[in-house]
Every structure is written in C-alpha cells, then in structure tokens.
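**Q** The structure under discussion is supplied below as structure tokens; questions concerning it will follow.
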Amino acid sequence: MCQKNIFVFILLPIILLFSSCNRNNKMVSLQEQNLFTLEYGMFENELRMFNINTAGNIQAPICMEDGMFYIENSEAKKIMLFTSYGDLVQIIYNKDYNPTPSFVQKSSTTLLNETDNTEIITQKAIEYPFINFGAITADNNKKIYVVDYLPSERYKEEDNSFLRQVVLRFKADGTFIGYLGQEGPGGTPFPFIENIYTTQNNELVVVCRTASGFSVFWYTTDGFLKYKIPIEQTKLPKIKTEHNVDQYIFLSKIVPDYTEEKLYLKIDYQVSEQDESSRVQAGILLKQTSLYPLNVVTGVFEEPLIIPPYEDVETEGYTKTVHKLAYDFLGVTDSGWFFFTIGDATGYSVLLVQPNGQKILSRHLDINPEDTLYQSFSLSHDGIISALIVKKEEAKVCWWRTDSIIKSFLQ
C-alpha cells in the first residue's frame, strides 16, 4: 500500500452563518434510559474499583455500537462485552489480575432462554496480557481496537521513551490479531494516542498528540497505512481580531468523518482582554469556536462552522455576568450531525449541529454531579449517546436516544 503524507494547506475560509440557539427557551432534557447496572468486585461481570472514593483515578472507557457495549476496566485489565440487557457476552482479560471466569469452569458456556431453554448467547473468555489501557473502539464487523503499551522488553530504552503505545486488534470472537504501529502491523509505537475511531468502511483512524500539534494515522481495513496527516499548531487558520489584540489558538479535538476521507478540527480562538483604564491585560476571553473540515486527500481546509459558545450566567444582586465557554466535541454521526457537550451544575448541556449548520439544537443530560464519581460517554455512528456512570454504590450503563431527533429531520 502506497503511503501518503498529507501536508496541510490553508485556504481563506468563508464562514457559514446559521441560526443560533434560542437562549430564552428552557433547555429540553433528554429522557435517560437505564439499561443495566454493574456491581463492584472481582467477578467477570463486575467492575473493580480500588479507588472508588477518588474519582480522578477511575478509568473505565465505554464504546457502544449496534447495541453492544464494550467496557474497559483499567484496574482489572479486562474488556467486557455486554448486550443492552446487561448479558455478558465476552471478556478479554489479563489472567494475572483476574480469576478464571466462572462460566469457563462450567461444562457449558451457553446462556439459555428461561422460557423455552433455547440457546441465545454463547459466552467467551479470552486471555491477553494487557498492560495499560487507553481508548477503545469497534467496527461494523465487531472487530475490537484498544490502545495499550508495548511490554518493556519489546522496545529499546535508548529509543524515544514517548513512543510506547500501540493499537491492539481482536477479532469479533476475541482472537488476537496483532498490534498496529505507525507504519502498520508490528510498526513503530505511536506518540501519545488521544483517541481512536473506525469508519463506515471499517478503516481505523488514530489521532496522536505530538510536540508540534497532532499526527493522524489512517489505515485500511487490513491495517496498512493509508494516510499520515501531520497537523502543526503554527499552521492552523487564524481569525480576524482587533488591532494589537493577542490571539491564542487551541486545537482541542480531531474527529474523522464516518463516511468520507475527512477530518474535523475543533479550534478555539481566545483573545486577550485589556483593562480600559490601565490598558493592561486583564484576562483571556473566548472569541470563537470553529469546526474546520480538512480534506485528507487534498490537504485543504473547507469552509468552517462557527459553533456558538455555552453561556454560563452568574447573578449577584442586580449584576449578571455571562461567561462564554467552549463546548467539547463529542463526535459526528453517519448522517453528518455534530455533537458537542459541556458539564454544568445539573449534568451536561448538549449541542446538536446539522451538517450545513442551518439547525442547532440544545438539549440536556440530567446527571447529578454530587453522587457521580466518574462518567464516560460514547457516541454511536447513528447518533445514540451512551454512558457508563460510576457512583459509590454501583455503576450503571444508560443511553439517550438522540438518534430519534436526527431521524425526525431526515424524514
């Protein structure tokens, strides 16, 4: 496979104008559907949480596609695959950190229908010596991709110690295929991997942070390098600002399109604020958030969307102060809708943006932050938001059927 190194050329974009959110209306809360709960413990269908009282140490990424939930448990060094009913279908685990799954010790590994005793699910357990988990994703063929570290004996200490992460590949039945490095199967380890994604064509996209910005690696279905796209911080597009006003550019997220060879770059632009009396810099303000499509084949930026900020309002007496904050970029659906989120006092505010930017919808996820220690979100390709929410007593898996909102506009 011929490797293509894409260098980014910037065209002056035409900013799309579109309707902004109506902030006079109360934000509509989405209906949460609780699917199943997970208890804490050592068993194969439980989460192990050594530091349940220290939220910052919890790492349990979740991925949902086609109604199947892939949940990492970093402390137990295992990956669990559940149905939407909470049935454990498969576990890939490090045997040094986990007991042998109970169903392996039985004569049968098949779950039966309680009504007619017919076979409905076959449980599988696969051993793999996981080291230190990162992101996880799955493609349409249920092939699993997970970020991990190479064993210390597999890399040389005198080499760049920052290059240790690889992407492990497993077949749908849990069989280990091998790992991907920068060049492809068995290649050089990656710099820090920000996230991994799969496309409609079951191609893998690896987004890495580097000292100068980002590097994106795009692979074929067989794992061979198709594109390498370096994106340097110094070459990002700028916006017009007032004279002598400092501009700060932050590339916070890169997400690939699901159907096209295209990347979306969420860029936050901040400017310095000056005290009018002293003419001294008084702070930094969010000026604009832009979502730039980047054509992977040509290396050219397309027209950006301007993403409206989240407005955090503080009221003290008769004084009202509005703080403009940038949303986080959650992802893009197969129909091209963009999802953005930001935490607030009662959960998460969600922004749904139509592909052409003509329609923007504000919604809310009601999650009590006072009893929530950790949450991990996943956006499926058809537009369903799923979450693993960890509390002191137990963890729960839920979703919000935002796909129905998208379908109502497509009809």
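**Q** Is it fair to say Tyr258 is farther than 20 Å from Ser362 by Cβ and modelled with pLDDT under 95?
**A** Here the answer is no, as Tyr258 does not meet what is asked.
**Q** Additional query: Return the residue satisfying two criteria in turn: it lies in the range 296-313 and is of a type in the set (A, V, I, L, M, F, W, C) and not in a loop (DSSP other than H, G, I, E, B), and of such residues it is surrounded by the fewest Cβ atoms within 10 Å (Cβ to Cβ).
**A** Filtering first and then ranking leaves Val313.
**Q** Cβ contacts < 8 Å: first residue without any contact (Cβ under 8 Å) to a residue 40 or more places away in the chain, restricted to the range 360-387; second residue outside any strand (DSSP E or B) and of a type in the set (A, V, I, L, M, F, W, C), any location; separation 6+ or different chain. Result?
**A** From the range 360-387, the pairs are Pro369/Ala345; Gln375/Ile367.
**Q** Ok, one more. Determine whether Ser215 is closer than 21 Å to Leu325 by Cα and either under 21 Å from the mean Cα position of the chain (by Cα) or assigned to a strand (DSSP E or B) (or both).
**A** no
**Q** Also: Listed residues Ile229, Ile239; which is of a type in the set (A, V, I, L, M) and either touching a Ser or Thr at 6+ places or on another chain (Cβ under 6 Å) or under 30 Å from Asp139 (Cβ atoms) (or both)?
**A** Ile229
**Q** Can I ask one more? Residue check, Tyr197 against (1) assigned to a loop (DSSP other than H, G, I, E, B); (2) in contact with a Pro (Cβ under 7 Å, 6 or more places away or on another chain), all met but one. Which one?
**A** With (1) assigned to a loop (DSSP other than H, G, I, E, B); (2) in contact with a Pro (Cβ under 7 Å, 6 or more places away or on another chain) applied to Tyr197, the lone miss is (1).
**Q** Answer yes or no: is there a residue in the range 50-62 that is modelled with pLDDT under 95 and assigned to a strand (DSSP E or B).
**A** No: zero hits.
**Q** Give the residues of the range 171-214 that are farther than 15 Å from Val147 by Cα, surrounded by fewer than 20 Cβ atoms within 10 Å (Cβ to Cβ) and hydroxyl-bearing (Ser, Thr, Tyr), sorted by residue number.
**A** Result: Thr175, Thr210, Ser212.
**Q** Being at pLDDT 55 or above, hydroxyl-bearing (Ser, Thr, Tyr), out of contact with any helix residue (DSSP H, G or I) (no Cβ under 9 Å at 6 or more places or on another chain) and assigned to a strand (DSSP E or B) narrows it down to one residue among Tyr70, Tyr97, Tyr85; which is it?
**A** Every option except Tyr70 fails the conditions.
**Q** Would a scan of the range 116-131 turn up a residue that is touching a strand residue (DSSP E or B) at 6+ places or on another chain (Cβ under 7 Å), surrounded by 13 or more Cβ atoms within 10 Å (Cβ to Cβ), modelled with pLDDT under 95 and among the polar types (S, T, N, Q)?
**A** Looking for residues that are touching a strand residue (DSSP E or B) at 6+ places or on another chain (Cβ under 7 Å), surrounded by 13 or more Cβ atoms within 10 Å (Cβ to Cβ), modelled with pLDDT under 95 and among the polar types (S, T, N, Q), one finds at least one in the range 116-131, hence yes.
**Q** Answer yes if at least one residue in the range 314-321 is crowded, with 16+ Cβ neighbours inside 10 Å and either in contact (Cβ under 8 Å) with a residue 24 or more places away in the chain or more than 29 Å from Ile384 (Cα to Cα) (or both), and no otherwise. Explain how you work it out, then say what you get.
**A** Of the range 314-321, the ones crowded, with 16+ Cβ neighbours inside 10 Å are none.
Scanning the range 314-321, I find no residue that is crowded, with 16+ Cβ neighbours inside 10 Å and either in contact (Cβ under 8 Å) with a residue 24 or more places away in the chain or more than 29 Å from Ile384 (Cα to Cα) (or both), so the answer is no.
**Q** When the residues of the range 368-405 are narrowed to those that are under 16 Å from the mean Cα position of the chain (by Cα) and part of a loop (DSSP other than H, G, I, E, B), which ends up surrounded by the fewest Cβ atoms within 10 Å (Cβ to Cβ)?
**A** Asp382
**Q** Still on this structure, please answer the following. Among the listed residues Thr341, Thr333, identify the single one that is under 21 Å from Asp268 (Cβ atoms), surrounded by 13 or more Cβ atoms within 10 Å (Cβ to Cβ) and in contact (Cβ under 8 Å) with a residue 24 or more places away in the chain.
**A** Thr341
The values are calculated or read from the model by the stated rules, or taken from the named source; none is laboratory data. All values derive from a computational prediction rather than experimental measurement. For neighbour counting, all protein chains shown are included, and Cβ atoms are generated from backbone atoms with ideal geometry for every residue, glycine included.
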